[in-house]
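> Just dropping this structure here.
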Amino acid sequence: MEKKQRLPKLGFLYLDYVLRFFDYSNFKGWPDKIEAVTYHWKNDKDRFIKEVKRKKIEVLVGNIPATAYETFKEIALALPEVRFIPSIETQFSNKSKENVTLFCQKYNIAAPKTLITYDDKVADEHFKNCHYPQIVKRSYGASNYGGYFVHKVDNYKEATELFAEKKYKPVYTQDAIPLKFSGDIRVMLIGHKPICAFWRYSGAGEWITNTSQGGDMSYDNVPMAALELAVEASKAAKAEYWACDIGIDENTDKAYIIECATAFAAFPYVRDWIGQYIMWDLSGGKFRLPHVPLYSWEELGKMDPSVLRTLRHLYFAKYEPSADGAYWLADKGNFDMQITEDGDINTLPNKIKPPLKEEDLPQEVKGDAKSSISSKISDEKLFEVDKVSLTELMTLQGMEEEVAVDIKETIEVKEITTFEKLKEFISLSVEQVELWAKSFKK
């Protein structure tokens with residue numbers, strides 16, 4: 001009698017106040033119970049470790065937000081027998097723009113020329129002598145939060161005025177790439193294979209390509225150079241799943257990494273594909289590897305987003321020729337899904353050390369911090385529900401673009417005047433509503 005293959009004990013990694021990337025439905029067909037472990041922030045490290053051990057979890061699946069990254073480095077070291085998916089090494093770029101640049105530098109991946117410094121004198125000298133325009137970002141998290149913390153400065157005066165007002169630390173500034181078609185390209189990958197890609201164009205009179213800023217998007221004619229660079233970055237990151245924002249220089253057609261991370265907004269069927277891939281990986285091939293033809297996004301992209309949000313467990317059957325070999329329907333390109341290398345926490349790029357004591361740093365630069373960008377914004381400005389913009393919604397901690405769009409549309413259609421009323425129309429957890437409501441006027 002054939003011995004039944006033992007599958008590893010699987011668990012979902014959740015965090016209070018943070019949207020869940022995966023659900024049980026993304027792992028359809030997994031025969032064993034999937035545990036869930038929730039991290040409760042302050043002083044919860046020891047309890048979390050004990051719970052993982054008590055439940056005998058061998059694989060923890062889930063993204064770690066920027067403010068918990070340093071703590072989870074310690075947790076991972078305390079749980080050497082547990083595999084994190086994505087690994088702590090893979091999620092290095094999730095923490096900050098600084099980490100994205102350090103990752104690209106370590107693996108010689110094309111990225112815009114960037115200055116990162118905590119020294120105001122070094123920054124001032126840079127802005128006196130650099131080429132303009134410069135793109136200045138707040139080095140926090142993988143997301144640009146709808147472009148809220150991304151700025152373009154065209155001269156020294158604008159740069160000094162910006163930092164006098166914003167006081168960003170570290171100073172993070174890049175040479176602006178003359179973007180082809182005034183847009184950048186988002187590429188999503190599973191097992192190092194591109195499974196979705198699209199152009200994002202800036203809106204009329206704007207330069208930021210984020211769709212929440214009024215930009216437009218297109219799934220057509222994504223250049224192979226962007227896909228190849230995304231694959232290179234995905235392999236360097238040892239990422240089971242990955243996303244890159246890529247700019248193409250209109251003068252040279254060279255591709256550059258603008259952002260990259262494991263944290264990205266995705267339709268449910270993309271999360272299903274990731275779940276299928278992880279099950280295939282963990283089962284030694286017992287489960288079916290997702291087959292996603294290259295450029296299939298061009299056809300899927302013709303559907304309305306309201307339809308795409310409802311598609312689940314979408315599967316493309318791999319073409320097999322008839323017995324007489326009449327023809328062979330070849331997949332475009334030469335990318336196949338592959339097993340991801342194991343991440344090693346000891347191979348992280350070296351950080352740039354600030355010439356400051358820990359207690360003097362901005363809160364978001366520190367380790368485990370329950371503070372969030374949304375709480376900092378609320379100190380300066382409380383939003384009005386009926387007037388809130390998509391850009392402002394995107395600044396809320398853990399907000400995803402598709403959720404922000406749903407919230408904005410619901411507010412307009414239902415004429416909602418208090419944020420708490422949203423839970424009557426949108427499936428949001430009590431914790432999410434309570435956290436986000438702090439940024440709104442009562």
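The values are calculated or read from the model by the stated rules, or taken from the named source; none is laboratory data. Treat the numbers as computed from the prediction; the structure is a model and nothing was measured. Using ideal geometry, Cβ is built from the backbone for each residue, glycine included, and neighbour counts are taken over all protein chains shown.
> How many residues are farther than 16 Å from Ile195 by Cβ and of a type outside the set (Lys, Arg) if we restrict to region 280-302?
Filtering region 280-302 for residues farther than 16 Å from Ile195 by Cβ gives 282-287, 302.
Remaining after also requiring of a type outside the set (Lys, Arg): 282-285, 287.
So the answer is 5.
> Give me a count of the residues in region 30-65 that are farther than 20 Å from Gln91 by Cβ and out of contact with any helix residue (DSSP H, G or I) (no Cβ under 7 Å at 6 or more places or on another chain).
Number satisfying all stated conditions: 14.
> Something else now. Please find, within region 53-85, the residue that is surrounded by the fewest Cβ atoms within 10 Å (Cβ to Cβ) out of those that are more than 24 Å from the chain's Cα centre (by Cα) and part of a helix (DSSP H, G or I).
If we filter region 53-85 for residues that are more than 24 Å from the chain's Cα centre (by Cα), which is where we start, we get 53-58, 78-81.
Among the residues that remain, those that are also part of a helix (DSSP H, G or I) are: 53-54, 78.
Working: Lys53: 13, Arg54: 10, Ala78: 14.
The selected residue is Arg54.
> Go through Leu348, Leu393 for me and flag whichever is within 30 Å of Trp273 (Cβ to Cβ), modelled with pLDDT of 70 or more and touching a Gly at 6+ places or on another chain (Cβ under 8 Å).
Leu393
> Within region 295-309, is there a residue that is over 30 Å from Ile177 (Cβ atoms), small (Gly, Ala, Ser) and modelled with pLDDT under 95?
Yes: one or more hits.
> Gly141: modelled with pLDDT under 95, crowded, with 23+ Cβ neighbours inside 10 Å and either β-branched (Val, Ile, Thr) or within 21 Å of the chain's Cα centre (by Cα) (or both), yes or no?
Against the criterion (modelled with pLDDT under 95, crowded, with 23+ Cβ neighbours inside 10 Å and either β-branched (Val, Ile, Thr) or within 21 Å of the chain's Cα centre (by Cα) (or both)), Gly141 qualifies.
> Give me a count of the residues in region 5-21 that are modelled with pLDDT of 90 or more and assigned to a loop (DSSP other than H, G, I, E, B).
The total comes to 3.
> Out of the residues in region 254-289 that are charged (D, E, K, R) and closer than 16 Å to Asn26 by Cα, which is surrounded by the most Cβ atoms within 10 Å (Cβ to Cβ)?
Among residues in region 254-289 that are charged (D, E, K, R) and closer than 16 Å to Asn26 by Cα, the one surrounded by the most Cβ atoms within 10 Å (Cβ to Cβ) is Asp272.
> Given the conditions (1) more than 23 Å from Ser306 (Cα to Cα); (2) at pLDDT below 75, which single one is not true for Leu428?
Of (1) more than 23 Å from Ser306 (Cα to Cα); (2) at pLDDT below 75, only one is false for Leu428: (1).
> Out of the residues in region 257-298 that are charged (D, E, K, R) and in a loop (DSSP other than H, G, I, E, B), state the one that is nearest to the chain's Cα centre (by Cα).
Of everything passing the filter in region 257-298, Arg288 is nearest to the chain's Cα centre (by Cα).
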